[in-house]
Amino acid sequence: MALSFQRADHHFWANATSDELYSLDLHELFTHLFCANQRTTEAFLEWFPKSYYATDELRTQAAGKLAMLQAPIFYCNQDCDNRQHVSSWAMNTVPAGLWVEFKNFVAYRRLDAERNAQRLAAV
């Protein structure tokens, strides 16, 4: 399966190999984290409190953004408005190093799973 780094793909994050994740630049990373799939954005916000480098203020803000994304929808396009709010917050408030830290966290876990699968296949 060929994955495109040039445009947001709804399934990229779930299907990408560890090498494909490691090779994302900041623009591609932002696009895949905050524009392509809401579940990926939620995973980032759920991981956020585990980050060693996130400040308490950012952790509190991330918890609020996660609650907002998971809250029931009350009007047409509210989900789009919420996602736009979160992506704007991420672009303007969250240091890009935290996006990279999350990407590396996911890619390392994926690499570990890939190695385990290779070991099992070799047996």
Percent of accessible area on segment 1-107 owned by carbon and sulfur, 1.4 Å probe? 56
For Kirkwood radius over Cα pairs in Å, the choices are [x] 15.4; [y] 20.6; [z] 17.1; which was calculated from the structure? [x]
Over the chain, with the other protein chains present, what is the accessible area per residue in square angstrom, probe 1.4 angstrom? 61
Let me check against my output: what whole-number percent is the relative contact order of the chain, with C-alpha pairs under 8 Å and at least 6 apart? 32
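The values are calculated or read from the model by the stated rules, or taken from the named source; none is laboratory data. Treat the numbers as computed from the prediction; the structure is a model and nothing was measured. We work out accessible area using only protein heavy atoms, side chains counted, and drop any ligands, DNA or RNA first. Shrake-Rupley method; radii C 1.70, N 1.55, O 1.52, S 1.80 Å.
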